[in-house]
Amino acid sequence: MNITLRFFASVREALGTSQETVTLPPGIDTVAQVRRHLMERGEKWAQALSEQRPLRTAFNQVMCGPDQVVEEGAEVAFFPPVTGG
């Protein structure tokens, strides 16, 4: 399955990229599984996407939770929580 990943704010800065297209291996079906899969890429990925770090996620530009099922051609975004003033 091919999906587009988008990274924003401090996540983008930590990873050095804002977007990429990836082919997911079989068995990666949810946003949480995508996150864990990406963390296996190495230390900077593990730190930027750590499950200890509060991150927001979006699926096709709509906020979602970790159990959101991903599908072919989808966009999954990761970004830190933001506050307004």
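Inspection of segment 30-41 identifies no residue that is among the hydroxyl-bearing types (S, T, Y), loosely packed, with under 15 Cβ neighbours inside 10 Å, at pLDDT 95 or above and not in a loop (DSSP other than H, G, I, E, B). Within segment 2-17, the residues that satisfy the criterion of being loosely packed, with under 15 Cβ neighbours inside 10 Å and farther than 18 Å from R53 by Cβ are N2, T4. Every test in (1) open to solvent by less than 50 Å² (accessible area, probe 1.4 Å); (2) in contact with a Leu (Cβ under 7 Å, 6 or more places away or on another chain); (3) free of Cβ contacts under 8 Å to residues at least 24 places away in the same chain is passed by S50 save one, and that test is (2).
Counting only residues that are touching a residue at least 24 places away in the same chain (Cβ under 8 Å) and open to solvent by 30 Å² or more (accessible area, probe 1.4 Å), how many does segment 18-29 have?
To start, the set of residues in segment 18-29 that are touching a residue at least 24 places away in the same chain (Cβ under 8 Å) comprises 24, 28-29.
From what is left, the residues that are open to solvent by 30 Å² or more (accessible area, probe 1.4 Å) are 29.
Matching residues across segment 18-29 total 1.
Residues of segment 42-62 that are under 16 Å from Q19 (Cα atoms), in a loop (DSSP other than H, G, I, E, B) and in contact with a helix residue (DSSP H, G or I) (Cβ under 9 Å, 6 or more places away or on another chain): L49 alone.
The values are calculated or read from the model by the stated rules, or taken from the named source; none is laboratory data. Values in this document were obtained by computation on a predicted structure and should not be read as measured data. Please note: Cβ atoms are built from the backbone with ideal geometry, for glycine as well, and neighbour counts cover all protein chains shown. To get the accessible areas, we keep the full protein, side chains included, count just its heavy atoms, and leave off ligands, DNA and RNA. Shrake-Rupley method; radii C 1.70, N 1.55, O 1.52, S 1.80 Å.
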